[in-house]
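Participant: Next up is a structure, given as structure tokens.
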Amino acid sequence: MSEKSAQKRMYILETARKVFMEKGFKNVTMKDIVEACDISRGGLYLYFAGTEEIFMEVLKLETEETDDVFSGSIGEDAVPSDILALFLKEQKKELLGKRNNLTIAVYEFFFANKFPKKDHLLKQQFDTAVKIIEKLIEAGVDAGEFYCEDPLGAARNIMYVLEGLKVVSQTRGITEDVVDREVMYIMQGLVMEE
């Protein structure tokens, strides 16, 4: 793919992301994306076959960008508790809407499309996050920062709490105090008693 084609493709994805953020997944058509990008219908179909393909690529882009932001924020001398705190801080930003997000579109997409469990992108992302958090907890235990007899169980519980908070933030709304209380509860469960 030429540089110009790659730039056009990226432009389409970034523009489509904004459309999905605004309208969710189920209400977006190829026409919406054509209009938002101000390109011809044929021009869009040169790059993508449909909204599902575009959305999957948008999700991959989101994951890459989140990974870049997160890893770019970690200092060389960061300890496991610092890294976990940074991860939770990024989650808090998303929960409070300080960062545009695709939460509603993601749930609509995966409820509408029954993918085999092994290929389910949300499951893969969840499992990857659990593994990372588990490794952080294990490193924190080894360093004497954390106490945890079941790092895998604790990591899964952290992710379940965060997923639940995402749903609440989109359905009822959520306050900073609520998020802070849940994050504090998570950290208190891991911190060594003096």
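Participant: Can you give me the relative contact order of the chain as a percent, contacts being Cα pairs under 8 Å and 6 or more apart?
Facilitator: This gives 21 percent for the chain.
Participant: Can I ask one more? How much length would be gained if the chain were fully extended between LEU121 and LEU46, taking 0.36 nm per residue of separation minus their Cα-Cα distance, in nm to one decimal?
Facilitator: Net length gain for the segment: 24.5 nm.
Participant: Okay, next question. Can you work out the FRET efficiency for the pair TYR160 and LEU86, with r the C-beta to C-beta distance and R0 = 25 Å, to the nearest 0.05?
Facilitator: Given R0 = 25 Å and the Cβ-Cβ separation, E is 0.80.
Participant: Label TYR147 and MET184 with points 7 Å out from Cα along Cα→Cβ: what is the distance between them in nm?
Facilitator: Going by the 7 Å Cα→Cβ label model, 2.0 nm.
Participant: For an R0 of 30 angstrom, estimate the FRET efficiency from the Cβ-Cβ distance between ILE132 and GLU176 and round to the nearest 0.05.
Facilitator: Taking R0 as 30 Å, the efficiency between ILE132 and GLU176 is 0.75.
Participant: Give, in nm to one decimal, the length gained when the segment between ASP32 and MET10 is fully stretched (0.36 nm per residue of separation minus the Cα-Cα distance).
Facilitator: Using 0.36 nm per residue and subtracting the Cα-Cα distance, I get 6.2 nm.
Participant: So for ILE39, ILE54, fewest C-beta neighbours within 10 Å to most, what's the order?
Facilitator: ILE39, ILE54
Quick note: the coordinates plus some simple rules give every number you see, no bench work behind them. Because the structure is a prediction, the values reported are computed rather than measured. Positions of Cβ are backbone-derived with ideal geometry, glycine not excepted, and every protein chain shown enters the neighbour counts.
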